[in-house]
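The values are calculated or read from the model by the stated rules, or taken from the named source; none is laboratory data. The structure displayed is predicted, hence computed values, not measured ones. Every residue, glycine among them, receives a Cβ derived from its backbone with ideal geometry; neighbour counts consider all protein chains shown. What goes into the accessible areas is simple: the full protein's heavy atoms, side chains included, and nothing from ligands, DNA or RNA. Shrake-Rupley method; radii C 1.70, N 1.55, O 1.52, S 1.80 Å.
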Amino acid sequence: MRIIYSILGVIKLLYIIICILGYFLGVLANELIEQEIKGEGISLPHSQLLKGLISGGIEPINRSFLRWKWLYVADLRKTAISGIVVEFSVIITSLLIYIKYGITGQSFAVFIFIYGLIIISVIDFYTMLIPNHLNLILGGISILFTILGWSVSFGQALLGAFLGGGILLGIRVLSLLIIKKEGMGIGDIKLAFICGLYLGPYKILLGLLISVYISGFLLLLLIWLGKIKKNQYIPYGPFLGGGFIISLVFYENIMKLFWWL
């Protein structure tokens, strides 16, 4: 029994360590998001950005705790909710990946990919822009993971990239021809192309399908509530990010469900 209690104690300790690590990474994500929104991510090299975060001491932690107070301030409520959601998302992501993959190279790759998508999605939500340098960083990481064998093969990566980017490019071209409007942003097309490198053809297609259903449901709800107008432009990056994350983590579970149906 002592051995069992010792094992359970180690497992609980690991969960606590993972949650703490996830929290600090969530705080880091919020700082990077804030810098990108201010435009500092373009004007400064990322090495300087990280150096600035480290030299900032406990200020990022202080801002993290202050967000709970900002919830009661009307002008700061949106920023506070966004920051808290980011931190909780990173913590939950850390736990889910550890439970599903353990401590492996694949789990590291999955976490970094999702971490990058969270940051990109929030930036797009605020600015309606996906920075090219973040797309390039995520693309470079995806290629590295393919080389290391932590994702799909090179053939699957190329097919996934062309499917992801090609489908959204087709939507953009058709919308310009038919309704004379941009149905899809260039940044979204680049993001789908790059995510296809990591996800491969099957998961990228499922991710796109999920993003369509999520965006359709939320947009109809927001239109019904009068929060947005029918012809209003919206950032699609968060929907793509959510669809790709769900497809990456739960692809096998979703496929089993459809097979049963």
Looking at (1) buried (at least 21 other Cβ atoms within 10 Å of the Cβ); (2) free of Cβ contacts under 8 Å to residues at least 60 places away in the same chain, can you tell me which one Cys195 breaks?
(2)
Return the pair list, or none, for Cβ contacts closer than 8 Å from residues in the stretch 65-94 that are at pLDDT below 85 to residues that are open to solvent by 40 Å² or more (accessible area, probe 1.4 Å), at least 6 apart or on different chains.
Leu76/Trp70
Only one residue in Phe258, Phe244 is in a helix (DSSP H, G or I) and surrounded by fewer than 22 Cβ atoms within 10 Å (Cβ to Cβ). Which one?
Phe258
Can you pull out the residues in the stretch 91-132 that are within 19 Å of Gly164 (Cα to Cα) and either in a helix (DSSP H, G or I) or in contact with a strand residue (DSSP E or B) (Cβ under 9 Å, 6 or more places away or on another chain) (or both)?
Val110, Phe113, Ile114, Gly116, Leu117, Ile118, Ile120, Ser121, Asp124, Asn132
Given the residues Leu168, Leu206, which is the only one that is part of a helix (DSSP H, G or I), open to solvent by 10 Å² or more (accessible area, probe 1.4 Å) and among the hydrophobic types (A, V, I, L, M, F, W, C)?
Leu206
Filter the stretch 51-64 down to the residues that are part of a helix (DSSP H, G or I) and either modelled with pLDDT of 85 or more or of a type outside the set (Lys, Arg) (or both) and list them by number.
Gly52, Leu53, Ile54, Ser55, Glu59, Pro60, Ile61, Asn62, Arg63, Ser64
Checking Tyr101, Tyr115 in turn, the sole residue that is at pLDDT 90 or above and surrounded by 13 or more Cβ atoms within 10 Å (Cβ to Cβ) turns out to be Tyr115
Kindly establish whether Gly140 is free of Cβ contacts under 8 Å to residues at least 60 places away in the same chain and open to solvent by 20 Å² or more (accessible area, probe 1.4 Å).
yes
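I'm trying to understand the selection: among the residues of the stretch 171-203, which are small (Gly, Ala, Ser) and assigned to a helix (DSSP H, G or I)?
From the stretch 171-203, those small (Gly, Ala, Ser) are 175, 183, 185, 187, 192, 196, 200; that's our starting set.
Once the filter is applied, which keeps residues that are small (Gly, Ala, Ser) and assigned to a helix (DSSP H, G or I), the stretch 171-203 yields Ser175, Gly187, Ala192, Gly196, Gly200.
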Residue list for the stretch 98-128, restricted to those being more than 18 Å from Leu148 (Cα to Cα) and free of Cβ contacts under 8 Å to residues at least 60 places away in the same chain
Ile99, Gly116
Taking the options Gly116, Gly102, Gly83, name whichever one is under 22 Å from Leu197 (Cβ atoms) and either touching a Lys or Arg at 6+ places or on another chain (Cβ under 7 Å) or of a type outside the set (Phe, Trp, Tyr) (or both).
Gly116
Residue count, the stretch 224-241 (criterion: outside any loop (DSSP other than H, G, I, E, B) and open to solvent by 60 Å² or more (accessible area, probe 1.4 Å)):
2
Could you list, in sequence order, the residues of the stretch 149-158 that are surrounded by fewer than 18 Cβ atoms within 10 Å (Cβ to Cβ), in a helix (DSSP H, G or I) and within 22 Å of the chain's Cα centre (by Cα)?
Leu158
Condition (residue is hydrophobic (A, V, I, L, M, F, W, C) and closer than 19 Å to Gln232 by Cβ) applied to the stretch 133-150: is it met by at least one residue?
no
